[in-house]
């Protein structure tokens, strides 16, 4: 389906995991992106970001707003594929398939904790490497990842930088499956908590996130969601006509 001018794959979480596994087995570099209201609004202002999303091999409806919008437009996706859920399930898939993972992003403390948590959760998980998300030399980071030869690369730096960076260096990195994971490292490391399941199912996980990071998130939710509603209304009436 197409939402706000970009394609979104109508897949469940389980189907998305299987597609990602197939991409890893192919050995050819692929990029995943999860879209939410903020990223879709930014893509309308940023043609380069829109191009990158359109070029991604796998696009998921990360935000509940994207799911609701797809239903309103009569092109429903089956469910929300939350980035933090997909990230953790793919690490489990890597463990089950004897594939390797690389964690890139966040602070030293957080990324080290992520590696430790998954090593404890999945004994024998192949962690090809990890490093923080603060660097000045792209070539140094790319060389380190290439040398580690992971099957999955998870990048935790802000949007849209992570989407643009992965697209720019996809072939150089040579990783079969790359994915931007936003704040997922903070969740796994215990720095942030997920909303209760009932709140997630009701579509209000964003409110829980806002409560944990009000200074950082209020502007994003206020302005991005307002702009997304305007864009959705325009697309809805164009579809009706």
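Bear in mind these aren't lab numbers, they're just calculated from the coordinates by the rules spelled out. These numbers were taken from a predicted model, which means no experiment stands behind them. A quick note on method: Cβ atoms are made from the backbone with ideal geometry, for glycine too, and the neighbour counts reach across all protein chains shown.
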**OP:** Can you tell me how much longer the chain between residue 1 and residue 172 gets when fully stretched, taken as 0.36 nm per residue apart minus their C-alpha distance, in nm with one decimal?
**Re:** 58.6 nm
Original post:
For the residues 25, 169, what sequence is obtained by ranking on other C-beta atoms within 10 Å, fewest first?
Top reply: 25, 169
**OP:** Between the alpha-carbon centers of the stretch 145-191 and the stretch 33-79, tell me the distance in whole angstrom.
**Re:** 19
Original post:
Going by a ≥ b ≥ c, the root eigenvalues of the Cα gyration tensor, does the stretch 1-74 fall in the rounded group (a/c under 1.5), the prolate group (a/b larger than b/c) or the oblate group?
Top reply: oblate
Subject >> Extension gain, residue 107 back to residue 120 (0.36 nm per residue minus Cα-Cα distance, nm) >> reply: 2.7 nm
**OP:** Can you pull the one-decimal nm distance between simple spin-label points at residue 45 and residue 147, each 7 Å off the Cα toward Cβ?
**Re:** 3.9
